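These notes concern the structure reproduced below.
What follows is calculated from the coordinates using simple rules that are stated; it is not laboratory data. Source: prediction; values computed, not measured. Every residue, glycine as well, gets a Cβ built from its backbone with ideal geometry; the counts of neighbours run over all protein chains shown.
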Amino acid sequence: MAKRKSFEKILNTEFRWPKIGDLPFVMAADPLSNASIANDSSARLLAMTDGYRRAADLLVKQAESNDADRDFLVYPIIFNYRHFLELSLKYLLATHGPRVGIEPNWKTHDLLVLWEEFYDMLQRFGTNDPDEVDPIVASTVLEFAKIDPGSYSHRYPVDCFGKPLPVTHADLHLATLADVINGVSGYFSGTDGFLSDLVNP
């Protein structure tokens with residue numbers, strides 16, 4: 001009887017239960033209330049890249065303001081920032097690489113491979129690095145590559161064989177992570193603009 005009462009108590013709380021007519025993908029009557037998914041793949045790539053970073057930024061703010069959320073949100077935060085890095089490198093390679101003989105690379109999640117191709121592209125363009133920022137950004141990207149080589153470590157607790165994935169950092173200051181990624185984001189944006197100006201002066 002105690003178990004039955006406990007279940008009834010759960011049902012009488014603020015608890016959303018599936019109901020007939022539930023449809024996950026619908027449009028609101030007010031068009032301004034809808035999110036727009038870009039039909040053009042290039043526009044969608046830009047929106048996705050910025051979107052994953054923005055999502056992580058918002059999650060960091062929530063985690064910093066609510067201690068109870070922090071240990072749950074850390075996983076999507078790291079994943080979203082990692083995916084932002086991956087999409088940024090893929091975007092830059094696809095946008096500027098073909099001009100110097102480097103093809104887009106949509107086949108790998110390996111940040112080390114993507115960074116090496118990106119850096120090779122910079123060398124072929126003949127860019128210099130007066131502020132010596134390239135090694136700083138490389139260090140951040142390669143740190144993500146080390147802790148999550150295949151983009152699995154913060155989406156699953158085990159690999160595809162059921163073997164536990166190692167935890168590289170047990171504790172993490174999320175505000176510092178967000179600040180570092182903000183700097184990397186500025187670097188990628190600046191690089192995109194610089195390479196565009198080289199091609200279209």
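Condition first: out of contact with any Phe, Trp or Tyr (no Cβ under 7 Å at 6 or more places or on another chain), of a type in the set (A, V, I, L, M, F, W, C) and surrounded by 11 or more Cβ atoms within 10 Å (Cβ to Cβ). Can you find one or more residues in the range 145-163 that meet it?
yes
When both residues are 6+ apart or on different chains and their Cβ atoms are under 6 Å apart, which pairs have a first residue that lies in the range 99-123 and is over 24 Å from I147 (Cβ atoms) and without any contact (Cβ under 8 Å) to a residue 60 or more places away in the chain, and a second that is basic (K, R) and not in a loop (DSSP other than H, G, I, E, B)?
Short answer, once both residue conditions are applied: V100/R124.
Could you give every pair whose Cβ atoms fall below 8 Å, whose first residue belongs to the range 47-76 and is touching a residue at least 40 places away in the same chain (Cβ under 8 Å), and whose second residue is among the basic types (K, R) and buried (at least 17 other Cβ atoms within 10 Å of the Cβ), counting only separations of at least 6 or pairs across chains?
A63/R70; E64/R70
If V74 satisfies every condition in (1) crowded, with 19+ Cβ neighbours inside 10 Å; (2) over 19 Å from V141 (Cβ atoms); (3) touching a Pro at 6+ places or on another chain (Cβ under 8 Å) but one, which is the exception?
Here V74 clears every test but (3).
Would you check if V133 is under 17 Å from the mean Cα position of the chain (by Cα) and of a type in the set (A, V, I, L, M)?
Taking the combined requirement at face value, the residue does not satisfy it.
For the range 168-201, name all the residues that are in a loop (DSSP other than H, G, I, E, B), within 24 Å of D67 (Cβ to Cβ) and either touching a Pro at 6+ places or on another chain (Cβ under 8 Å) or without any contact (Cβ under 8 Å) to a residue 12 or more places away in the chain (or both).
Correct list: A170, D171, H173.
Among the residues of the range 149-158, is any part of a helix (DSSP H, G or I) and over 28 Å from D67 (Cα atoms)?
No, because not a single residue in the range 149-158 is part of a helix (DSSP H, G or I) and over 28 Å from D67 (Cα atoms).
Being over 19 Å from D192 (Cβ atoms) and free of Cβ contacts under 8 Å to residues at least 12 places away in the same chain is the filter here; which residues of the range 77-98 pass it?
Within the range 77-98, none qualify.
Please determine, by comparing only the residues of the range 88-107 that are closer than 26 Å to D57 by Cβ and surrounded by fewer than 20 Cβ atoms within 10 Å (Cβ to Cβ), which one is nearest to the chain's Cα centre (by Cα).
Across the range 88-107, the extreme among qualifying residues is Y91.
What are the residues in the range 149-201 that are touching a helix residue (DSSP H, G or I) at 6+ places or on another chain (Cβ under 8 Å) and of a type in the set (D, E), if any?
D192
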